[in-house]
1. Along the charge dipole of the chain, pointing to its positive end and built from +1/-1 on Cβ of Lys, Arg, Asp and Glu, which listed residue (Pro6, Leu62, Gly19) has its Cα farthest out?
2. Count neighbours as other Cβ atoms within 10 Å of each site's Cβ, and list the trypsin sites (Lys or Arg not before Pro) in the range 1-80 that are DSSP loop with at most 11 such neighbours.
3. With a cut-off of at most 13 other beta carbons within 10 Å, and DSSP calling the residue loop, which GluC sites (Glu not before Pro) in the range 1-79 qualify? Please list them.
4. Through the Karplus equation 6.51 cos²θ - 1.76 cosθ + 1.60, θ set to phi - 60°, convert the phi angles of the range 26-40 into ³J(HN,Hα) values in whole Hz; use x for Gly and Pro.
5. Once amide H atoms are placed 1.01 Å from N in the peptide plane, what residues at a sequence separation of 5 or more from Ile45, or on another chain, have their amide H within under 5 Å of its amide H?
6. What does the C-alpha gyration tensor say about the overall shape of the chain? Classify as rounded when a/c is under 1.5, otherwise prolate if a/b is larger than b/c, or oblate.
7. So what are the ³J(HN,Hα) numbers for the range 88-97, from phi and the Karplus equation (6.51, -1.76, 1.60; θ = phi - 60°), rounded to whole Hz, Gly and Pro as x?
8. When you count, for each residue, the other Cβ atoms within 10 Å and take the mean per peptide, how do 38-45, 13-20 rank with the highest first?
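Read-outs: derived from the displayed coordinates by stated rules, not from any lab. Keep in mind that this is a model prediction, so the values were computed, not measured. When we count neighbours, we look across all protein chains shown, and the Cβ atoms used for this are built from the backbone with ideal geometry, even at glycine.
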Amino acid sequence: MSGTKPGQELAFALLGIAGTLSIVGFTMDKLEVRLSNLMAFDANIIGTWGCRPELYADVLELVAENKLVIKSFTETFPMSQINGIFQQMLTHQSNRRAVMVPDF
């Protein structure tokens, strides 16, 4: 889902009875939501980077075996460029996930 305040507030507003909202996008903005809706709807909210930690090994194996191809969704940068890359991410100047690697 969206990493924007309006997107996350909309997702919360759409949460229904016995529903689960999984937060994947990230924002530094503070959301305005009524947490009592969770109790009233017997609903849940969970946060995730997109994969449960216990599945990391399986996902990495799929990538290593080329069964899950992520290259077109990522771009590699040296760690020395982290400030500029972070700024690009904040201003949505990239369509790919930045992967930082040590400078050699």
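1. Pro6
2. Working: sites: Lys30, Arg34, Lys67, Lys71; in loops: Lys30, Arg34, Lys67.
Qualifying residues, ordered by number: Lys30, Arg34, Lys67.
3. Working: sites: Glu9, Glu32, Glu54, Glu61, Glu65, Glu75; in loops: Glu32, Glu65.
Those that pass, being in a loop and sparsely packed, are Glu32, Glu65.
4. Taking θ as phi minus 60°, the curve returns 10, 9, 8, 5, 8, 8, 10, 9, 9, 4, 4, 4, 4, 5, 5 Hz for the range 26-40.
5. Leu21
6. Values: a/c = 3.00, a/b = 1.58, b/c = 1.90.
Because a/c hits 1.5 or more and a/b fails to exceed b/c, the chain counts as oblate.
7. 4, 5, 5, 9, 6, 8, 10, 9, 10, 7
8. Values: 38-45: 12.6, 13-20: 10.9.
Top of the packing list down: 38-45, 13-20.
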